[in-house]
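The values are calculated or read from the model by the stated rules, or taken from the named source; none is laboratory data. Predicted model only: the values in this text are computed from it and were never measured. Every residue, glycine as well, gets a Cβ built from its backbone with ideal geometry; the counts of neighbours run over all protein chains shown.
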Amino acid sequence: MAESRVAVALVVAAGRGERLGYGGPKALVSVAGRPMLDWSVAALREVTAVKEIIVALPPDRLDAAPAGVVAVAGGVTRSESVRAALVAASDADVVIVHDAARALATPALFAAAVSELAGGNADAVIAAAPVSDTIKQVHRDGRAVERTLDRSRLWAVQTPQVFRRAALERALSAPPELISAATDDAWLVERQGGTVAVLPAPTENFKITTALDLRLAELLLLERGGR
Ligand code: CTP
Ligand code: MG
């Protein structure tokens with residue numbers, strides 16, 4: 001399956017980048033010499049299974065789409081941007097969803113997620129890394145610890161998230177309040193009783209959220225020598 005072009009890739013890049021604080025869309029900030037978004041698009045171009053790349057951008061920045069991708073206006077929330085991109089995608093049984101903010105995702109990681117989906121029965125395969133910190137649940141109204149979670153079963157979820165198209169379409173037809181609340185699309189699939197499996201991914205596939213993340217990404221991408 002991974003040998004033929006079975007997948008469309010949706011890259012969401014329409015966020016405001018408020019936590020990074022650059023005063024412009026985060027996905028268009030330069031990292032190691034090119035816009036953050038372009039790193040993911042370049043990686044996806046090297047994946048044999050990918051036949052089309054759709055990018056969701058801020059509505060006033062459709063001009064920032066790299067050559068050869070389909071550009072669409074993103075939505076107010078992340079999942080709305082995913083939905084806008086999916087609507088514009090051509091026929092394909094497999095949909096790869098990826099955050100432009102994860103500029104370090106490699107072609108091998110995308111390819112592994114697609115193969116894993118093809119080789120199993122899950123509705124979605126999502127990149128994730130086991131957490132290294134101990135995680136405690138704290139009371140909503142203060143700092144009192146309620147309980148310590150079993151770390152051995154906790155995974156920090158990333159993108160790419162790869163879906164069977166029908167499952168993603170069903171998930172994204174959820175009511176607007178659920179779409180807005182979703183921080184990842186796999187949750188919407190889980191809610192509908194779909195099966196989601198994790199794919200162990202390198203912690204290097206972190207999301208660029210803050211200025212510190214941006215500095216680290218810059219160093220690592222320069223070290224790769226432009227891939
Ligand atoms: N995203 C999007 N449309 C939105 C919100 C987010 O396409 N309405 C994308 C972002 O561009 C990013 C990914 O979803 O690639 C993950 O979101 P996040 O890291 O939160 O990025 P921002 O929303 O841009 O950052 P912030 O929350 O700090 O404003
Ligand atoms: Mg955000």
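Of the residues 12, 8, 55, 50, which is of a type in the set (Val, Ile, Thr), crowded, with 18+ Cβ neighbours inside 10 Å and over 21 Å from residue 166 (Cβ atoms)?
Every option except 55 fails the conditions.
Could you tell me whether any residue of the range 74-83 is free of Cβ contacts under 8 Å to residues at least 12 places away in the same chain and surrounded by fewer than 21 Cβ atoms within 10 Å (Cβ to Cβ)?
no
Go over the candidates 23, 17 one by one and state the one that is of a type outside the set (Val, Ile, Thr), more than 11 Å from ligand 1 (Cβ to nearest atom) and on the phi > 0 side of the Ramachandran plot.
23
Any chance you could count how many residues in the range 1-11 are at pLDDT 95 or above and touching an Asp or Glu at 6+ places or on another chain (Cβ under 6 Å)?
Residues meeting the conditions: 1.
If residue 32 satisfies every condition in (1) within 16 Å of ligand 1 (Cβ to nearest atom); (2) surrounded by 14 or more Cβ atoms within 10 Å (Cβ to Cβ); (3) farther than 26 Å from residue 120 by Cα; (4) not basic (Lys, Arg) but one, which is the exception?
Here residue 32 meets the rest and fails (1).
Does the range 65-91 hold any residues that are over 17 Å from residue 44 (Cα atoms) and within 13 Å of ligand 1 (Cβ to nearest atom), and which are they?
Answer for the range 65-91, where residues must be over 17 Å from residue 44 (Cα atoms) and within 13 Å of ligand 1 (Cβ to nearest atom): 72, 73, 74, 75, 76, 77, 78, 79, 80, 81, 83, 84.
For the range 24-31, does any single residue satisfy the condition of being over 20 Å from residue 88 (Cα atoms) and modelled with pLDDT under 95?
Yes: the range 24-31 contains one or more residues that are over 20 Å from residue 88 (Cα atoms) and modelled with pLDDT under 95.
For the range 60-73, which residues satisfy the criterion of being surrounded by fewer than 22 Cβ atoms within 10 Å (Cβ to Cβ) and without any contact (Cβ under 8 Å) to a residue 24 or more places away in the chain?
Hits for the range 60-73 are 60, 62, 63, 65, 67, 68, 70, 71.
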